[in-house]
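To keep things clear, I will list the structure first and then write my remarks on it.
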Amino acid sequence: MGSIIVTGSSRGIGKAIVDRFLDQEWNVFGASTTDISTWNDCSTYTHTILDLIEYKEAIDFWVHSLEKLEKFPQVLVNNAAVFIESPIGSSDESWLENWNKTLSINLTASSYLAKKMIKIWSDSQVEGILINISSRAGQRGDTEEFAAYAASKAGMMAFVKSIARNYGKQGITAFSIAPGFVHTDMAIESIKTYGEEYLTQGLALNTIVPPEDIATLAYRIGTGEFKHATGQTFHINSGSYLF
């Protein structure tokens, strides 16, 4: 089987994606801000602590170590992200700090990692696959206190489209997955705060998305089944909005 990189691999969507690819006997290289023990006994999983606040040095080092492998990973899933509340009414200094941190981690770091991967794929004539985990917020916007998050996720989708348009003839394809509310730790905290009805209001279904559904979609994209959908965004949000 192949090999894949997954950022934000320690929990939620990232963990579900790792589990799915490991089940199919892929080699998985995961990264998160903390060490984990979930797959300690799994010989096909390798974990790296990666702090995307200081993204350039961390990513340069990580990619350089991966280049030494016999077979460089042909799939990248950019999943790591932060979700920082920053109301328009907050101070200018606080708003700018949170805006810059959100854009730096969610958009700039993920795009820089993709840049490094695409360069290697292109130079090696490898048919690489980029998968950005975006959000419905990038398509429809979010509440004003999470405007930075929405902007970062919209940028991830635009980046994917540019890569798809420019590298398709080299065999490199790129995709976005835009989930709505997903049954992860973040959603559970929202349920505690707002109640479960808050998460399901306006949905076509009466449940939010399980992370395993996103993992299934990521797996099918990662195997190359959707090659001719390059550049597209796959919306998976329980009917939160429809195209």
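The values are calculated or read from the model by the stated rules, or taken from the named source; none is laboratory data. Keep in mind the model is a prediction, meaning the values are calculated, not measured. All Cβ positions, glycine included, derive from the backbone under ideal geometry; neighbour counts span all protein chains shown.
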query = What helices (runs of 4 or more DSSP H) completely inside region 69-181 contain at least 2 residues that are touching a strand residue (DSSP E or B) at 6+ places or on another chain (Cβ under 9 Å)?
reply = 110-124, 136-140, 147-167
ask   = When you go through (1) in contact with an Asp or Glu (Cβ under 9 Å, 6 or more places away or on another chain); (2) closer than 27 Å to residue 182 by Cα one by one for residue 42, which number turns out not to apply?
value = (1)
message = So residue 136 passes all but one of these: (1) more than 16 Å from the chain's Cα centre (by Cα); (2) at pLDDT below 95. Which condition number does it fail?
response = (1)
remark   = By residue number, the members of region 2-40 that are in contact with a strand residue (DSSP E or B) (Cβ under 7 Å, 6 or more places away or on another chain) and charged (D, E, K, R) are 35
query = What number goes with the only condition from (1) touching a helix residue (DSSP H, G or I) at 6+ places or on another chain (Cβ under 7 Å); (2) part of a loop (DSSP other than H, G, I, E, B); (3) not aliphatic (A, V, I, L, M) that residue 56 does not pass?
reply = (2)
task = Using the structure shown, decide if residue 38 is over 18 Å from the mean Cα position of the chain (by Cα), closer than 23 Å to residue 81 by Cβ and not in a strand (DSSP E or B).
result = yes
message = Whether any residue in region 18-25 is within 13 Å of the chain's Cα centre (by Cα), crowded, with 16+ Cβ neighbours inside 10 Å, within 30 Å of residue 143 (Cα to Cα) and touching a residue at least 24 places away in the same chain (Cβ under 8 Å) is what I want to check.
response = no
inquiry  = Criterion first (loosely packed, with under 13 Cβ neighbours inside 10 Å and either in contact with a helix residue (DSSP H, G or I) (Cβ under 7 Å, 6 or more places away or on another chain) or not aromatic (Phe, Trp, Tyr) (or both)) does residue 86 satisfy it?
reply    = no
ask   = Restricting the search to region 201-240, which residues are closer than 19 Å to residue 175 by Cα and assigned to a loop (DSSP other than H, G, I, E, B)?
value = 223, 224, 225, 226, 230, 231, 232, 237
ask   = How many residues are within 16 Å of the chain's Cα centre (by Cα) and modelled with pLDDT of 75 or more if we restrict to region 149-202?
value = 24
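Here are some residues: 109, 158, 154, 147. Which one is over 20 Å from residue 9 (Cβ atoms) and touching a helix residue (DSSP H, G or I) at 6+ places or on another chain (Cβ under 7 Å)?
154
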inquiry  = Suppose the filter is in contact with a Ser or Thr (Cβ under 7 Å, 6 or more places away or on another chain) and more than 22 Å from residue 159 (Cα to Cα); does residue 28 pass it?
reply    = yes
Number of the exception - residue 97 against (1) surrounded by 14 or more Cβ atoms within 10 Å (Cβ to Cβ); (2) farther than 22 Å from residue 16 by Cβ; (3) in contact with a helix residue (DSSP H, G or I) (Cβ under 9 Å, 6 or more places away or on another chain); (4) not aliphatic (A, V, I, L, M) = (3)
